[in-house]
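First comes the structure, then the notes that go with it.
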Amino acid sequence: MKFTRREDERLLTGRGRYVDDIDVPGQVHIRFVRSQVAHGRIRKIDVSDARALPGVYGVWTGPEIIDHVQPLGPSKADGGVFEDPLFAVLGPDAGFIRHAQRPILAVDIVRYVGEPIVAIAASDPYVAEDAVSLVDVSIDDLPPLSDPFAALADDAVRLYDWPDNVCLDLEVSTGDVDAVFSRAPHVTRRQLHSARVSCSPLEGRGVLAVPDVVGGGITVYSSTQIPHMVRDAIAEAIELPQRRLRVVAPDVGGGFGAKAIPYPEELFVPWVALTLGRPVKWIEDRYEHFVSAIGSRDQIHDIEIALDHDGTILGVRDHFVSDVGAFSPLGVVQPYNTAAHLAGCYRVPNLKIRMTSVVTNKPPLSPYRGAGRPEAVFAMERIIDIACREHGFEPAEMRCRNAITADEIPYSVGIPYRDGRPIVYDSGDFAACLEQALEIAEIVSDPVPDRGRPVGFGIACYVEGTGIGPFESAEIEMLEDGTAVVATGACSQGQSHETVFARIAADTLGLSEDRVMLAGGDTGASSFGWGTLASRSAVVAGSAIRQASENIVQQVAEELSRLWEVSPDDLVFADNEVAVIGTPAMSMSWSEVIGLFSPKRGRSDATRNGLSASAHFVPETVTFANGAHVVKVAVDTDTGQVEILDYVVVHDCGPLLDEEVVDGQIQGGVAQGIGAALFEDLAFDVDAQPLNPNFIDYIIPSGSEVPDVRIEHFETRSPRNPLGIKGVGEAGTIPVPAAVLNAIDHALRDRGVEVVRTPATPKMITTLLAKGRPS
């Protein structure tokens, strides 16, 4: 079998190495006693029976470790890298943000089902689980908050020592919005809800900490997207010098944002390993993932759109509430991403957005693939379709009328991005991209039924800020055999880094791809890094690799031009050698070239220590990808079942580094978007108890529910990075719920159905059909 990606053979033949595949002699296993109460005061913890169980090495409670492992605060998330410049631009009158510290183990109060209370280390995970069952925890119930609007009430219980339960309240605007709405010929308003979802990567979280008993350091293997941030968080939490701490992300079985923050378990396990002087492992089970890893989405938008007589958008006004659970690890990131992307592909001259994040007694909320953008597109694209239906406009024509064209690029939206820089679309032709998608999909206003089922088309367009900073690193070392070792702070969870990053370096250095080795996600290989998230790796890490490779080329060109007495411009780097153009006799293999930089040659000027280079690419701001999705569905009006008959994507992420990889990202993203559109809803009852923390009741789509996606690429170069590219990791997910629900509404256009929340389950659809009115 021929494998087209470098990772494929290793991963598909079972030779991947994930955290739980790494076993170290003498390791012990951690399990946690987690709260079964959503909100309560801890009255008593009795661990005596657990401590007495043979095979138990240690039992810890929150009060016992609070002086040894510091709580997680905002400094261990993004350190204010984006929050500070954004608030500096918006000014103090725009709003406020509050941060709560997240204890490693609960102290006095528990705030969600799944919060860790007691940790137990034992000889194997089964003994640890037995010990968990022996712990007696008594908790006095406090009033739980399961609804964000109830949490906003004046008489609601306060989760923290705050005047209310609001952790973020912020407003951004451009234009004279209220005046436009007062005189607009057409105004449509709805409340639209993107439901809470679980990230559910194939591999859960996991940590293995291996102490160095000789040097006093420690190596931590973590299933994370951000090894350098995890390193910094651990060092801060347990007051360990960074020089004694190495964090490695081995093969990681999916992340999607669930692994893009430091977690309490990641900080606690290394401390236990150092305390016991032996390796310690914790592997998350699926129930733990549902109740203790982050959830996402869960925004309720009160949005209205103002239109002129011909369907031109005059303005948009939106106030949305985010239920962030008990903690909001990344604070402003997800809600502001929603605000920054709400206008999308359209001219919106007057825009006002207020975002309110509310704490409740649910597990913490943080970005999941799309990171606030799917919520924005769902609100904008649904209100467009609803307004078209209400006022007699054709949805495709109305979108084409308002879409931004290439002639308008660069286009200023009028509000800042979350990095504090103005939102200015740098490339693209949003109107042409949409028109291409409409042409491929062969959309019609009155489609023929499919086997008696009504059929509908749905459209959704999007922009995506990609390649955000603050930076990414690349370090390249040329080995004596002519191999290039590329280290970067970005780490893969399935994004084909080994293939794509090797290609960038190989193309620049003139090496064959098999002569390039990649070391990603290892703080021991790369001192600085930010991680893999936010559709940024190819843009930011790829650009850093390009710059470091160009530095190597420059060093070699300067040396050989002096040695051969030729101009550097006369040198060509190709076929694993460096040669003078038109003079075949003047050439060197890379191993010979590297010899010129080796101290082994005993040169009189041998101050060199090999051939290497490093680079840190710092983007000025994001670069904007864009695209359009058109979906065709059939709805069984007896069962409420929705079948996707066709799915078309036209996407612009600039020049394609690897078309197969890009297509795979889009196809996978669409699959996750279908889950949010039709199946996934992380539900809680009035007591904030999780109702479906398992894959029996929390349904994710299987292969039979996900169609083959027809993908076309619309390529425009970005001027904001040396590769001219834009990110693609999240794009497939972003518009899917909006497109699918638009299609459902179109299919049921004559039956009085209007779906205003995700997911559009069979039960919801049959209920709406019976009522003949909005959900």
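The values are calculated or read from the model by the stated rules, or taken from the named source; none is laboratory data. Note that the structure is a prediction, hence the values are computed from the model and not measured. As a convention, Cβ positions derive from the backbone with ideal geometry for all residues, glycine included, and neighbour counts pool all protein chains shown. For accessibility, only protein heavy atoms count, side chains too; no ligands or nucleic acids. Shrake-Rupley method; radii C 1.70, N 1.55, O 1.52, S 1.80 Å.
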Scanning the chain, every Cys lacking a C-beta partner under 4.7 angstrom -> C167, C199, C388, C400, C433, C491, C653
How about K44: which aspartates and glutamates have a C-alpha closer than 18 Å to its C-alpha, ignoring those fewer than 8 places off in the same chain? E64, D108, E115, D136, D140, D141
With every protein chain left in place and a probe of 1.4 Å, what is the accessible surface of C167, to the nearest 10 Å²? 10
Three semi-axes of the equivalent ellipsoid, the range 472-617, Cα gyration tensor, whole Å, largest first: 28, 16, 12
Ratio of Rg to Rh over the chain (Cα coordinates, Kirkwood Rh, two decimals): 0.99
Using only protein heavy atoms and a 1.4 Å probe, report how much of S292 is accessible, in Å² to the nearest 10. 0
Structure-based [θ]222 nm, the chain - -39500 (n - 2.57) summed over DSSP H runs of at least 4, per residue, nearest 500: -8000 deg cm²/dmol
Sorted list, accessible surface of protein heavy atoms, 1.4 Å probe, largest first, for I45, I700, I384 is I700, I45, I384
Please report, in debye to the nearest 20, how large the charge dipole of the chain is about its Cα centre when each Lys and Arg carries +1 at its beta carbon and each Asp and Glu carries -1 there. 920
How much of the DSSP beta bridge set in the chain is antiparallel, as a percent to the nearest 5? 80
The chain - accessible surface per residue (Å², probe 1.4 Å): 37
Extended-chain gain in nm, criterion 0.36 nm per residue less alpha-carbon gap, E171 and D140: 7.3 nm
Given R₀ = 51 Å, FRET efficiency for D569-T767 by Cβ-Cβ distance, to 0.05? 0.10
Starting from the range 485-590, pick out the chymotrypsin sites (Phe, Trp or Tyr not before Pro) whose DSSP state is loop and whose Cβ has at most 15 other Cβ atoms within 10 Å. F528
Near the amide H of I139, under 5 Å away, which other amide H atoms are found, from residues 5 or more places off or on another chain, if H is placed in the peptide plane? R43
Once both labels are modelled 7 Å past Cα along the beta-carbon direction, what's the R51-A88 spacing in nm? 5.0
From largest accessible area down, sort I66, I353; use a 1.4 Å probe on the protein chains. I66, I353
Mean separation of Cα contacts under 8 Å (6+ apart) over length of the range 474-566, as relative contact order %: 34
Filter on K352/K726; K259/K771; K362/K632; K632/K726; K362/K726 - keep pairs with C-alpha separation over 31 Å: K259/K771; K362/K632; K362/K726
Nearest 0.05, what FRET efficiency do D638 and Q101 give at R0 = 35 Å with Cβ-Cβ as r? 0.10
On the full set of protein chains, 1.4 Å probe, figure out the accessible area of H193 and give it in Å² to the nearest 10. 40
Student exercise, the range 472-617 dipole from Lys, Arg, Asp, Glu Cβ charges, in Debye to nearest 20: 300
Using a 1.4 angstrom probe on heavy atoms only, work out the carbon and sulfur share of the accessible area of the chain in %. 49
Which helices, taking whole DSSP H runs in the chain, have alpha carbons extending 20 angstrom or more along the helix axis plus mean Kyte-Doolittle at least -0.5? 373-391, 542-564, 659-678
Compute the relative contact order of the chain as a whole-number percentage, counting only Cα pairs closer than 8 Å that sit 6 or more residues apart in sequence. 15
